[in-house]
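So the structure is just underneath, and the comments pick up after that.
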């Protein structure tokens, strides 16, 4: 059977049987009860609960990383711990300037 013929027959049957105006007994009350039984989710509350659950792991990670940064690292060579990082940074930045002065 062709798709167009099937569509035409289904539309003809649907037009021949129009929907009734009769509404089942207490239909509105049943729908209202269903709506009250399943309230809409409160997304702000769900988001707040998720954030509060995430507080403990975030604080734990922060404390661990802070302790790792503050406590001295025993595996490093002792002469590198006394050097200033800002001096290394400044020398690295100014290395290009020193090279251009030498070439001129």
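The values are calculated or read from the model by the stated rules, or taken from the named source; none is laboratory data. Please read these numbers as outputs of a predicted model, since none were measured by experiment. So basically every Cβ, Gly included, is an ideal-geometry build from the backbone, and we count neighbours across all protein chains shown.
A few comments on the model shown:
- Hits in the range 77-91 (condition: in a helix (DSSP H, G or I) and at pLDDT below 80): 78, 79, 80, 81
Here's the yes/no breakdown for (1) assigned to a helix (DSSP H, G or I); (2) at pLDDT below 95; (3) surrounded by 10 or more Cβ atoms within 10 Å (Cβ to Cβ):
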{"site": "23", "(1), (2), (3)": "no, yes, no"}
{"site": "55", "(1), (2), (3)": "yes, no, no"}
{"site": "58", "(1), (2), (3)": "yes, no, yes"}
{"site": "62", "(1), (2), (3)": "yes, no, yes"}
{"site": "72", "(1), (2), (3)": "no, yes, no"}
{"site": "75", "(1), (2), (3)": "no, yes, no"}
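- Residue 102 at pLDDT below 85, outside any helix (DSSP H, G or I) and exposed (fewer than 10 other Cβ atoms within 10 Å of the Cβ): no
- Filtered residue count, the range 25-46, keeping only those that are in a loop (DSSP other than H, G, I, E, B) and more than 39 Å from the chain's Cα centre (by Cα): 2
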